[in-house]
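Working notes for the structure below.
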Amino acid sequence: MSTRHYAVIGHPIGHTMSPFIHKRLFELSGIDAEYTWLDIPPEQLAAAYADTLRGLDGYNITIPHKQAIIPLLDALDERAQMVGSVNTVKNSGGKSTGFTTDGIGFAKALEAAEIEPEGRIMILGCGGAARAIAFELAQRGKPFEFAVHRRSVGRAGLLCLDITRKIPDAQVSFGLMEQIIGTVDLLINATPVGMYPHVDEQPIHNCAIGRCGAVFDAIYNPLETALVKRARANGSKAESGMSMLVWQAVAAHEIWDGSVYDPQDIRQLCRDAADALAGKTS
């Protein structure tokens with residue numbers, strides 16, 4: 001059997017953990033495959049799609065291409081079409097099909113951390129990560145709200161309208177991040193605030209964090225963000241984004257080749273990926 005070829009695309013992308021994770025997943029499934037990263041500036045995406053990406057067996061997509069890739073593809077699966085975002089592409093029979101596994105990765109990460117998405121759920125931000133998480137929650141019938149900065153109110157309103165248009169029974173609202181009041185059962189940070197190298201930053205104040213029962217931060221670098229540290233110091237259950245990154249990669253392999261993995265192996269991969277990241281940033 002010939003070697004298969006995969007990659008992750010984004011810009012910038014030198015920090016990515018995807019090659020480490022996907023190479024391990026291919027090893028676990030016994031598939032002969034190469035996986036690399038491609039730094040593609042936005043203005044070069046169309047040319048790269050025609051010249052390089054269509055020749056791969058599949059690829060993953062990160063910022064800033066998750067929506068820009070859509071017009072170039074031949075087809076979208078139902079979930080990607082609904083969310084309006086693609087992070088995984090499968091090339092087969094001359095056809096490129098886009099999928100999204102971010103929401104699945106989020107749900108699996110919560111499950112692994114034994115965090116229940118119940119009660120009052122609040123998503124910080126309304127960008128790409130927030131969108132994927134929001135649609136996952138809405139599909140599962142979970143009420144939630146967005147908390148955004150004043151400059152993003154219009155964008156948050158449009159996202160709420162899009163969700164309720166596609167999932168009519170969704171219970172979603174939005175408000176200002178600086179006006180968070182009351183207890184939050186699950187706080188989800190889907191903003192880049194606290195991401196390396198700005199590791200001392202938090203998206204909300206300590207007093208608001210202190211009213212959170214559980215915290216999930218989609219950021220995986222650093223492994224423990226300032227938000228996660230503060231939540232844990234308060235005695236709250238808190239989890240950062242490495243588990244989400246690994247589980248969305250697992251879902252990509254299910255799409256590419258139907259691979260099924262032992263949960264124990266995936267838990268070990270999460271630990272190994274965390275160690276590898278710590279080695280890269282130390």
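The values are calculated or read from the model by the stated rules, or taken from the named source; none is laboratory data. In this text, all values refer to a predicted model and were calculated from it rather than measured experimentally. Neighbour counts are summed over all protein chains in view; Cβ atoms, including those assigned to glycine, are modelled from backbone coordinates with ideal geometry.
Applying the criterion of being assigned to a loop (DSSP other than H, G, I, E, B) and acidic (D, E) to the residues of the range 60-93, the residue that is farthest from the chain's Cα centre (by Cα) is D74. Just the residues that are hydroxyl-bearing (S, T, Y) and touching a strand residue (DSSP E or B) at 6+ places or on another chain (Cβ under 9 Å), please, taken from the range 215-258. Matches in the range 215-258: T225, S236, S240.
Per the conditions (1) among the aliphatic types (A, V, I, L, M); (2) touching an Asp or Glu at 6+ places or on another chain (Cβ under 8 Å); (3) touching a residue at least 40 places away in the same chain (Cβ under 8 Å), the sole criterion not satisfied by A249 is (2).
The residue that is surrounded by the fewest Cβ atoms within 10 Å (Cβ to Cβ), counting only those in the range 47-72 that are of a type outside the set (K, R) and over 16 Å from N91 (Cα atoms), is A47.
The condition of being crowded, with 20+ Cβ neighbours inside 10 Å, out of contact with any helix residue (DSSP H, G or I) (no Cβ under 7 Å at 6 or more places or on another chain) and at pLDDT 95 or above holds for only one of A75, A80, that being A80. If the condition is being modelled with pLDDT of 95 or more and either over 25 Å from L277 (Cα atoms) or surrounded by fewer than 20 Cβ atoms within 10 Å (Cβ to Cβ) (or both), then the range 209-223 contributes I209, G210, R211, C212, G213. Of all residues in the range 209-239, those satisfying the criterion of being over 20 Å from A134 (Cβ atoms), in contact (Cβ under 8 Å) with a residue 12 or more places away in the chain and assigned to a helix (DSSP H, G or I) are I209, A226, V228, R230, A231.
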